[in-house]
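Just so it is clear, none of the values below were taken in a lab; they were calculated from the coordinates. Keep in mind it's a predicted model, so treat the numbers as computed, not measured. Heads up, the Cβs are rebuilt from the backbone with ideal geometry, glycines too, and the neighbour counts pull from every protein chain shown.
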Amino acid sequence: MQSLLLLVDRMSTWLGQLFAWSIVALTGLITWEVFSRYVFNHPHAWALDAQIMLYGTLFMMGGAYTLAKNNHVRGDVLYGFFMPRTQATVDLVLYVLFFLPGIFALTWAGWNFAHESLAIREQTFSAEPLPLYPFKFIIPLAGAMLLLQGVVEIVRCVRCIRDGEWPSREQDVEEVDVDKLKQMVHVKDEDIIALDKYIKPPKDAS
């Protein structure tokens, strides 16, 4: 079971990292459009629509990735003081009552929304229209990935309630954690203090 949970984590992570490259494309597009507008005096009517679609894609496809890393915003003023079993119970109730119905509705409605857009070959409303239906298929895709990752999180809640501790999850590049870094290189705070005293030059007696 744990290997299956980690497999879904890896899938969400891979998709999140893949679509994260859209920020590079978005940055390049904005830079090029500003240069074209102010240097060549040649703006493009489709550029703003393309920027919105790229940003929307980045935002939507980051949902499952963020959930897999347990990094969604949480009001944990009290939650952080709970025991793991209590945390898991609270999470489980919220997942069942709010997450599952909302994300299922998003996925279902998003699929119908995208299918209707494809049927009429919907385009953006601008002087230089872009096809809109490929972007709208991001909605059900993001919803399906969130739904799958949400089921994994529900399983984690059930296992935590049973075992009293949270199961492990797929790791990814994160901000530097000084404490973890110290453990990795086997350095203690006393060693750092001693090294700091050794490196600092003695104060002038005068």
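What is the distance, in nm, between label points placed 7 Å from the Cα along the Cα-to-Cβ direction at Val24 and at Trp108?
Inter-label distance under the simple model: 3.9 nm.
Give, as ranges by residue number, the residues of segment 136-154 whose backbone N falls under 18 Å from the point 7 Å along Cα→Cβ of His115.
136-145
At most 11 other Cβ atoms within 10 Å and a DSSP loop assignment: could you name the chymotrypsin sites (Phe, Trp or Tyr not before Pro) in segment 20-81 that fit?
Details: sites: Trp21, Trp32, Phe35, Tyr38, Phe40, Trp46, Tyr55, Phe59, Tyr65, Tyr79, Phe81; in loops: Trp21, Phe40, Trp46.
Listed in order of number, the matching sites are Trp21, Phe40.
Hey, got the Cα dimensions of segment 2-175 along the principal axes, in Å, largest first?
If we take the Cα atoms of segment 2-175, the spans are 64, 39, 31 Å.
Quick one: if you stick a label point 7 Å off each Cα along the C-beta vector at Phe125 and Phe82, how many nm between them?
Inter-label distance under the simple model: 4.5 nm.
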